[in-house]
Structures are given as C-alpha cells and as structure tokens.
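Have a look at the structure below, then the notes.
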Amino acid sequence: MKGPTNRTRARVFIALASTILFVPGLVLPAIAKAETRWISDNLMVPVRSGPSSGHRILHRGLPSGTALEVLSRDEASGYVEVRTASGIQGWVESQYLADQPVARDRLVRATARIEALEKQLAGLTSNLRDVRTARDESSNENDGLERQVAALQTQLAELERISASAIETNTQNLELKALNERLRAEVDDLVAENQHLDDNMQERWMLIGGGLAFAGLIAGVAIKARPRRSGWS
C-alpha cells in the first residue's frame, strides 16, 4: 500500500488540529480513564499508525474478539487509539469496536459457565441424594428404635404387673404364715390344756377309785367286826 499523499496528510493535520483546538476535553479524559473494547464480528481489523486509512499499517489484522485498551479517540476521523495485551499500539476504526466481547466468545464463556453450573448441579444433586438416603436410613433406624422402645415399654408394664402381683402374693403369704403360726400356737395351747385336763381327770379317777377301794375296805372291816348272832337265839 502506498503512503498517504501530501494533500491527505494536510487534511489529517487540519482535522487533528481542529479536534485539539475546538474539543480540548475530548482526548484527555479518554486517556485518563482507560476503557476496554473488543474487535466485533468475524473480522481482521488492521492497526494503523494514525487515525486515517492513509496511515501506515502496523498490524495487518487483529482477529475478532481481541480485547483492546482504549487510549484516545478521534471523533472527526472515526478512529480510536488502542493497545493490545501484547503491546501493539495504534489506531483502528471505531465502527469495528464493540462494548462487549463478540457473540462467539460470549457463547464460549456461556458454554463454559453452563458446564460449570451443570457440574455444580450434578454435585448438589448427588449430595441431595446422599442426604435423602441418609435421611431414609435414619428414618428407618428411628422406626426400629421406636418399635424397640414400644416393646420394652410393654415388657416393663408386664413386669410391673407381675411384680405387683408377686408383692401382693408375698404379702398374703406372710399374712397366712403369721395366721398359721398363731393358730399353731393356739392348737399347742389347746393340746397342752387338754393334756392337763386328761392328767387331772386320771388323777380324779384314781382318787375316786382309791376312795372307793378304801371305802370297801372299811366296809369289809366293819362287817367282819360286827358280832355274829347264833341261829338258836
């Protein structure tokens, strides 16, 4: 490509001078606040040494999606001074710049984000499944424990009933034993009294028998001692 003519250079110089003279606040604020723009669409945008198509090309074409740091703007020519991450600095037409990455790059980033979210969702789903499984196992274990508690409570109630019955039976047994001992003592007393009565009765009968024998003896003696009468008197 041929270099710019003197007339073109003059026009560019006049445009730049006009921009600097009449719009003094346009370039400096752009330099003070760094912006970022991207090569739009599927293009190869050349980087020039100045803000016109007549300036020398520094780079034959930046691919679409390339991030550029904005250094200054030339509104009159429609060019923007930019710098790439690799250090290439020059001017490109503003019509090829976009405020955000191209759709292709955004799609790649969105796809990567979707994949990351899908992995995260899969992990959360797996964790949720594990939590549900643990909850079900815990629920089953709780049900088993509740059944065991109910069985133990039933057994405890039965033991309490048997214990109460046993205590009552033992009390009755103690009362019956005391009654039996009391009756045995009374029977022993009656037997002893009866034996005493039998002994007294035997002694009485012996005395009566002795008395009768003594009376008979006296009577016999008396009869023998009485004088006999003769048959002739």
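In whole angstrom, how far apart do the alpha carbon centroids of the stretch 49-100 and the stretch 172-202 sit? Measuring centre to centre over Cα atoms gives 135 Å.
Ordering 81-87, 117-123 by mean Cβ neighbour count within 10 Å, with the highest value first, yields 81-87, 117-123.
The Cβ shell under 11 Å around residue 197 holds other residues with a net charge of -3, Lys and Arg each +1, Asp and Glu each -1. Highest-first packing order for the peptide set 147-160, 60-73 is 60-73, 147-160, based on the mean count of other beta carbon atoms within 10 Å.
Each reported figure results from applying straightforward, stated rules to the coordinates on display, with no laboratory input. As the structure is a prediction and not an experimental result, all values here were calculated from the model. All Cβ positions, glycine included, derive from the backbone under ideal geometry; neighbour counts span all protein chains shown.
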